[in-house]
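Please read the structure below before turning to the comments.
The values are calculated or read from the model by the stated rules, or taken from the named source; none is laboratory data. Since this is a predicted model, take the numbers as computed values, not measurements. Positions of Cβ are generated from backbone atoms using ideal geometry, with glycine treated the same way; all protein chains shown enter the neighbour counts. Calculation scope for accessible area: heavy atoms of the full protein, side chains included, ligands and nucleic acids excluded. Shrake-Rupley method; radii C 1.70, N 1.55, O 1.52, S 1.80 Å.
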Amino acid sequence: MNNPSSGHPFPDGFLWGASSAAHQIEGNNVNSDWWHREHEADSTLPEPSGDACDSYHRWREDMDLLAELGFTDYRFSIEWARIEPAPGHFSKAEIAHYRRMVEGALDRGLRPMVTLHHFTVPRWFAERGGWTAEGAIDLFERYVRATAPVIGTGVRHVRTINEPNMIALAVAFRELGTEVAPIAGIPLLDRPTTDALIRAHHRARAAVKSISADIQVGWSIANQVYQALPGAEAVTAAYSHPREDVFIEAARGDDWIGVQSYTRTRIGADGPLPAPDGAERTLTGWEYYPQALGHALRHTAGIVGDVPLIVTENGIATDDDTRRVDYTTGALQEVSAALEDGLDVRGYLHWSALDNYEWGSYKPTFGLIAVDPDTFERTPRPSAAWLGGLARTRVLPRITS
Ligand code: FCB
């Protein structure tokens, strides 16, 4: 039932959460391809992940804080490189570690949303050729099946792969010999990787269902919010399809789809355009544009039809927490408007729970909770209390200005 006092109908059972990813918060993920990349002599990454937030040891503290703040859901990922450090060698201790995390979340009243793969793979998997190498999908499926003791009971939502379109983009960047996304537009994704990831998702979905038919399986797409300038509708559709829509189409048989949105990309007759002159930019250089989430939800729903939507990432890199509250208010108003229009949005999980390793740098601070890099002390920001409070009241104040 909708909350009558709010005017913003966040339904009962709506997921109010915060998100994280293992490599970005655990620290010392030494068997992963990313760790290796961070430490190559000619690495172009500004800094390595190191100890990250030490959440490998401090996950209880993280979950205590999120539960105390009022959140009902916590999205975290489990690390393939730890679970299978060598091909076919599955670590019982690491599986037990992640099971403790699932139970720890449940004990605190947090529903765990478990991601099986968030950007990093074991180093051995990358070295044998990654997603397009022979047998790669069988190996992924074998890993997914090995996670049964972690996800088999008590886990309602499982995500197979985080942002497959960004994984295929990373391959395209490697082929182009660059690592940095231009502000306007992105190159064409690697097609063999795209196809392999879609097959991997479908195989993983079936594997998870065979572990427990009760688990709701999905994957999350990076929504770039391609906005057509007048007259550029066909150009925009052609631009978006291989970069995003093909992955959304692959979710048609899923239990839900994750929407992950931060900013927009405007498309003119000749292709992508930079942000408008004078636009506010966040610490990642992205245009401050909370309305992006509404567009992302509608775009996704237009492709998947009646597959339920969950916002699995949305947030802002800023050193001014008032901008975080402002941005998130704007984004939640978009969610609310989408619900009013009948879209089946089941939850909002903010990126990110903690300031963390943003794939090369600690500088873009996305966290609801600040983390001291030396002592690992956690300090919830006012935005964390504000968003956790919304999870309790489901009342989103209307902004009148
Ligand atoms: C997404 C990633 C996540 C984080 C945010 C800012 O693309 O899934 O790990 O880096 O962007």
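With respect to Val102, is the statement that it is within 16 Å of the ligand (Cβ to nearest atom), within 23 Å of the chain's Cα centre (by Cα) and of a type in the set (A, V, I, L, M, F, W, C) true?
no
Specify which of the listed residues (Val311, Val325) is within 15 Å of the ligand (Cβ to nearest atom), over 22 Å from His241 (Cβ atoms) and aliphatic (A, V, I, L, M).
Result of the check over Val311, Val325: Val311.
Tally the residues that are within 15 Å of Leu65 (Cβ to Cβ) and within 16 Å of the ligand (Cβ to nearest atom), restricting the search to the range 352-371.
Of the residues in the range 352-371, 9 are within 15 Å of Leu65 (Cβ to Cβ) and within 16 Å of the ligand (Cβ to nearest atom).
Take the residues in the range 313-371 that are assigned to a loop (DSSP other than H, G, I, E, B), touching a Pro at 6+ places or on another chain (Cβ under 6 Å) and open to solvent by less than 40 Å² (accessible area, probe 1.4 Å); name whichever of them is nearest to Trp219 (Cα to Cα).
Here the residue is Glu358.
Given the conditions (1) at pLDDT 95 or above; (2) over 19 Å from Tyr288 (Cβ atoms); (3) within 21 Å of the chain's Cα centre (by Cα), and given that Trp351 satisfies all but one, which numbered condition is not satisfied?
It fails just one condition, (2).
With the structure loaded, tell me whether Arg60 is over 18 Å from Val395 (Cα atoms) and over 18 Å from the mean Cα position of the chain (by Cα) or whether it fails that test.
Yes.
At least 3 residues that are away from the ligand (no atom under 16 Å from the Cβ) and open to solvent by less than 10 Å² (accessible area, probe 1.4 Å) in each: list the helices (runs of 4 or more DSSP H) lying fully within the range 142-224 that qualify.
191-211
Glu134 versus (1) away from the ligand (no atom under 14 Å from the Cβ); (2) farther than 20 Å from Val217 by Cα; (3) outside any loop (DSSP other than H, G, I, E, B); (4) at pLDDT 95 or above: which is the lone unmet condition?
The one condition Glu134 does not meet is (3).
For Leu69, indicate whether it is surrounded by fewer than 23 Cβ atoms within 10 Å (Cβ to Cβ) and touching a strand residue (DSSP E or B) at 6+ places or on another chain (Cβ under 9 Å).
yes
Working carefully through the options Gly185, Gly135, find the one that is at positive phi and touching a residue at least 12 places away in the same chain (Cβ under 8 Å).
Gly185
Is it true that Pro46 is open to solvent by 10 Å² or more (accessible area, probe 1.4 Å) and at pLDDT 95 or above?
It is true that Pro46 is open to solvent by 10 Å² or more (accessible area, probe 1.4 Å) and at pLDDT 95 or above.
Write out, first by first residue and then by second, each pair whose Cβ atoms fall under 6 Å of each other, whose residues are 6+ apart or on separate chains, and whose first residue, in the range 258-281, is assigned to a loop (DSSP other than H, G, I, E, B) while the second is of a type in the set (Asp, Glu).
Thr263/Glu287; Ala275/Glu287; Ala279/Glu287
Which of the residues that make up the range 252-303 are hydrophobic (A, V, I, L, M, F, W, C) and either more than 16 Å from the ligand (Cβ to nearest atom) or loosely packed, with under 15 Cβ neighbours inside 10 Å (or both)?
Trp256, Ile267, Ala269, Leu273, Ala275, Ala279, Leu297, Ala301, Ile303, listed by residue number.
Among the candidates Val395, Val307, which residue alone is outside any helix (DSSP H, G or I), surrounded by fewer than 17 Cβ atoms within 10 Å (Cβ to Cβ) and hydrophobic (A, V, I, L, M, F, W, C)?
Val395 is the lone residue from the list that is outside any helix (DSSP H, G or I), surrounded by fewer than 17 Cβ atoms within 10 Å (Cβ to Cβ) and hydrophobic (A, V, I, L, M, F, W, C).
Being open to solvent by 30 Å² or more (accessible area, probe 1.4 Å) and either in contact with a Pro (Cβ under 6 Å, 6 or more places away or on another chain) or part of a helix (DSSP H, G or I) (or both) is the filter; apply it to the range 228-238 and report the residue that is nearest to Thr300 (Cα to Cα).
Only one residue fits best here, namely Ala237.
With (1) free of Cβ contacts under 8 Å to residues at least 40 places away in the same chain; (2) surrounded by fewer than 18 Cβ atoms within 10 Å (Cβ to Cβ); (3) touching a Phe, Trp or Tyr at 6+ places or on another chain (Cβ under 6 Å) as the list, and Pro87 as the residue in question, which single condition is left unmet?
For Pro87, the exception is condition (1).
Cβ contacts < 6 Å: first residue closer than 17 Å to His241 by Cβ, restricted to the range 150-177; second residue among the aromatic types (Phe, Trp, Tyr), any location; separation 6+ or different chain. Result?
Sorted first by the residue in the range 150-177, then by its partner, the pairs are Pro164/Phe247; Asn165/Phe247.
Can you find even one residue in the range 372-384 that is more than 24 Å from Arg58 (Cα to Cα), crowded, with 22+ Cβ neighbours inside 10 Å, away from the ligand (no atom under 16 Å from the Cβ) and hydrophobic (A, V, I, L, M, F, W, C)?
No: zero hits.
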